[in-house]
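Below is one structure, written out as structure tokens; the observations come after it.
All of the numbers you see were taken from the coordinates with simple rules; none came from a lab. Only a predicted model underlies this, so the values are computations on that prediction, with no experimental measurement involved. Neighbour counts run over all protein chains shown; Cβ positions are idealised from the backbone, glycine included.
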Amino acid sequence: MYRHSGMVWWTLARILVVAILVSMAAGCLGGCERQVAFEANDENGDPPEGESNDDVVGATPDFAITSNGETVTPYENLLWSETWTDESGWVSADNGSVLGDLEAVLNQLPTIVLREDIDLIRGDNVVLKGLSVYTATDYEPCMKGPTGASSQGYPRERTTAALEIEKAGRYIESEDKCEVSCSEHVFRFVVDEYSYDNMLRSRRAQDGISVMLRPTASRGVGGYYVPKDQDAWLEALRLAEASATDGGYLDEEVSLGIWIMLEDGHWQVMDNGCLVGYSRSGSGYRRIEKEYTADFLALVSPVAEKYYGTGVFRPDRIDGIVSATLTVLDETYTVTDKDSLAELETLLTDVIQCRGGTKCPFGGMLDLELQSGDTITLAVASDSCRVYMVHGAYFEYGVQSGGSKDNREVYVLFGASIK
């Protein structure tokens, strides 16, 4: 079983979640675990000697969710399948979606309370691919997209979501083809006042201050912390802003990936304690030196530590890689060759910071084990962008290497390709 990061953002409501499980043979797409079909069971329904029906793919739940210390298995509805039988060959089956009449199955849906310990637990060879969101009043779709991006912008009402998941099916060796199936997994959340006040929201506050954070595990998707005590936050910020001067970023500064969002602009928190911001009202880029930011950052720091942890990431922390593991669409590649690791380290430390962020998709996760015993996780772009992200701080790498303009150099080191 695998666990999916709990970096999910919800609004105050009781919501329905519909997970679309696409049981697609990842082996047919490249890289799945090939599993030879069992010989037919005997006349008593027993498997051949030495084999067990429990070993069949799907014998364990494909999808479950844990939150508030409780784990539930969602309601499952088969949509379609294509399976192999020795008697008839390939057999197809189709069924209707429950989305057309969710009220008919409401009393069969498990309910769970959303808390910070949320985990999406998926079976072997299951990959989350996308998320659709529906209003809970009339079940009309209000957004659709990748798993991370579509977790933003939920309406403040009851909401229904559909997770799209790919699963590796059974490989039929005689056919050199994989079985495919698709099913819906439906469950409900109770998002209460505690959840709304203590977890990142999908939307910023209409008025006042919101703190935008992009944890590495979220693969670049932003969520918002909205302080309850807006008056205290605004007062501390206004006092700091009174000492702002014209000017932008300094070359040696590194953004901490903490954005203070306001109605007419934003401030970024830098590693030296300064704030650098932009105002749409016409004043342009401005700076607040660290001598004037202490009171405001005393409010910001506990929030950042909750979602980012302690310590500041700088690319020069990547020193002495002894092992590197790249995961892209649940395909995992590990490199321990010293020459390859040295080349990787050179690329990842030869950087310039993208302080304004990027729209690159971060479908890759790169775990680096260092000689010091530390582990650093980077979210790596899964298209051609030569960019990685650590807790909202973006870096373009390999800028002086003289190599290609995309990230093939990194992927090739792992025997992987750009998706």
Using θ = phi - 60° and Karplus 6.51 cos²θ - 1.76 cosθ + 1.60, couplings along the stretch 277-294 (whole Hz; Gly, Pro as x): x, 9, 10, 7, 7, x, 7, x, 6, 9, 10, 10, 6, 4, 4, 10, 9, 4
Net charge contributed by nearby residues that have their C-beta within less than 10 Å of Thr245 (K/R +1, D/E -1): 0
Stretchable slack from Asp94 to Glu235, in nm (0.36 nm times residue separation minus alpha-carbon distance): 44.8 nm
For the stretch 234-390: rounded, prolate or oblate by the Cα gyration tensor [a/c cutoff 1.5]: prolate
Dipole magnitude (debye, nearest 20) for the stretch 295-362, charges at Cβ of Lys, Arg, Asp, Glu: 360 debye
Sequence-distant residues sharing a close amide H with Phe63 (under 5 Å, placed H): Gly123
